[in-house]
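So the structure is just underneath, and the comments pick up after that.
The values are calculated or read from the model by the stated rules, or taken from the named source; none is laboratory data. Quantities reported herein were computed from a predicted structural model and do not represent experimental measurements. Virtual Cβ from ideal backbone geometry, glycine too; neighbours counted across all protein chains shown. Areas reflect the complete protein model, heavy atoms only, side chains present, ligands, DNA and RNA absent. Shrake-Rupley method; radii C 1.70, N 1.55, O 1.52, S 1.80 Å.
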Amino acid sequence: MITVHHLETSRSQRILWLLEELGVPYELKIYQRDKATRLAPPELKKIHPLGKSPVITDGEEVIAESGAIIEYLVETYAAQASAADLAHLQPAPRTPEYRQCRFWMHYAEGSLMNWMVMKLVFMTIPTQPMPFFVKPIAKALCGKVQAKLIDPNVNTALDFMEQHLGQHTWFAGEHLTMADFQMSFAVEAALSRASHAQACPHLLAYQQRMRARSAYQRGIAKGGPVVMPSI
């Protein structure tokens, strides 16, 4: 039996979506963030030394990192999936779909999520307790970093995804693949925090296609909201 060690409002939500699509039985163990720091609790270090989520256990296997977990689940269980539209979760090697799938699997965490995390951090800093005379300085500094560095890169990412999804139904082409599960959290985070998200109709339509899937809805029902509320 697979156990998903799931941290609230975290990247592990995409693992729940994938398992629901595959129809693989699993046990869900939910961990709450520290109310003050919003960090993962120390109990997760008992599962994996990094103390991060997502992490799954499957028999004697302990697997961390979203991309590695997604690849493991697809390689191990995708052949058992009955739904016809899951037949392309792992595209055939040396095809355009395979190259697109590989790119977006890496892009999600290698590039896009770095800016999403920075955005959240610099939105959060001015809300933290500090001497009253420091708060205006912190707010101004964080605003400048967002305006000069973070927001331009987030907007570039949004425009890049918008252009791509204007030509493709899913990230690797016309079929749902591993890349869509890996990108799902980043898409939700980007659309919740970016200033010009409403100017991205193709990306918003993609989000709606994703959310319309019954397996995605079941994952949300079990694991809770995908991203932290905007500050």
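Observations on the structure shown:
- Any chance Ile137 is in contact with a helix residue (DSSP H, G or I) (Cβ under 8 Å, 6 or more places away or on another chain), open to solvent by 60 Å² or more (accessible area, probe 1.4 Å), at pLDDT below 95 and aliphatic (A, V, I, L, M): no
- Verdict on Met130 being closer than 17 Å to Ala190 by Cβ and either among the aliphatic types (A, V, I, L, M) or open to solvent by less than 30 Å² (accessible area, probe 1.4 Å) (or both): no
- Taking first residues from the stretch 74-93 that are free of Cβ contacts under 8 Å to residues at least 24 places away in the same chain and partners that are assigned to a loop (DSSP other than H, G, I, E, B), the Cβ contacts under 8 Å between residues at least 6 apart in sequence or on separate chains come to Glu75/Gln90.
- Looking only at residues in the stretch 100-127 that are over 25 Å from Ala172 (Cβ atoms) and touching a residue at least 24 places away in the same chain (Cβ under 8 Å), the one that is surrounded by the most Cβ atoms within 10 Å (Cβ to Cβ) is Lys119.
Conditions (1) touching a His at 6+ places or on another chain (Cβ under 9 Å); (2) among the hydrophobic types (A, V, I, L, M, F, W, C), marked per residue:
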position: Phe133; (1), (2): no, yes
position: Lys144; (1), (2): no, no
position: Glu162; (1), (2): yes, no
position: Leu165; (1), (2): yes, yes
position: Glu174; (1), (2): yes, no
position: Thr177; (1), (2): yes, no
position: Ser192; (1), (2): no, no
position: Cys200; (1), (2): no, yes
position: Gln217; (1), (2): no, no
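- Answer residue from the stretch 36-71, given it is in a helix (DSSP H, G or I) and among the hydrophobic types (A, V, I, L, M, F, W, C) and is most open to solvent (accessible area, probe 1.4 Å) among those: Ala68
- In the stretch 1-35, the residue that is least open to solvent (accessible area, probe 1.4 Å) out of those that are of a type in the set (Phe, Trp, Tyr) and more than 19 Å from Met210 (Cβ to Cβ) is Tyr31.
- Pairs linking a residue in the stretch 136-165 that is farther than 30 Å from Phe103 by Cα to a residue that is among the aliphatic types (A, V, I, L, M) and open to solvent by 60 Å² or more (accessible area, probe 1.4 Å), with Cβ atoms under 6 Å and 6 or more positions apart or on different chains, are Ala138/Ile125; Cys142/Ile125.
- Index of the failed condition, Arg11 passing every other in (1) at pLDDT below 90; (2) touching a strand residue (DSSP E or B) at 6+ places or on another chain (Cβ under 9 Å); (3) under 23 Å from Ser111 (Cβ atoms): (2)
- Residue selected from the stretch 93-134 under the condition among the aliphatic types (A, V, I, L, M) and farther than 20 Å from Pro152 by Cα, by the criterion farthest from the chain's Cα centre (by Cα): Val134
- Matching option when the condition is open to solvent by less than 30 Å² (accessible area, probe 1.4 Å) and either charged (D, E, K, R) or over 13 Å from the mean Cα position of the chain (by Cα) (or both), among Met210, Met178, Met161, Met183: Met161
- Filter result (in a loop (DSSP other than H, G, I, E, B) and out of contact with any Gly (no Cβ under 9 Å at 6 or more places or on another chain)) within the stretch 74-88: Ala87
- Pro91 being farther than 17 Å from Arg11 by Cα, touching a Lys or Arg at 6+ places or on another chain (Cβ under 9 Å) and in a helix (DSSP H, G or I): no
- Complete set of residues in the stretch 92-119 that are among the aliphatic types (A, V, I, L, M) and under 20 Å from Ala68 (Cα atoms): Ala92, Met105, Ala108, Leu112, Met113
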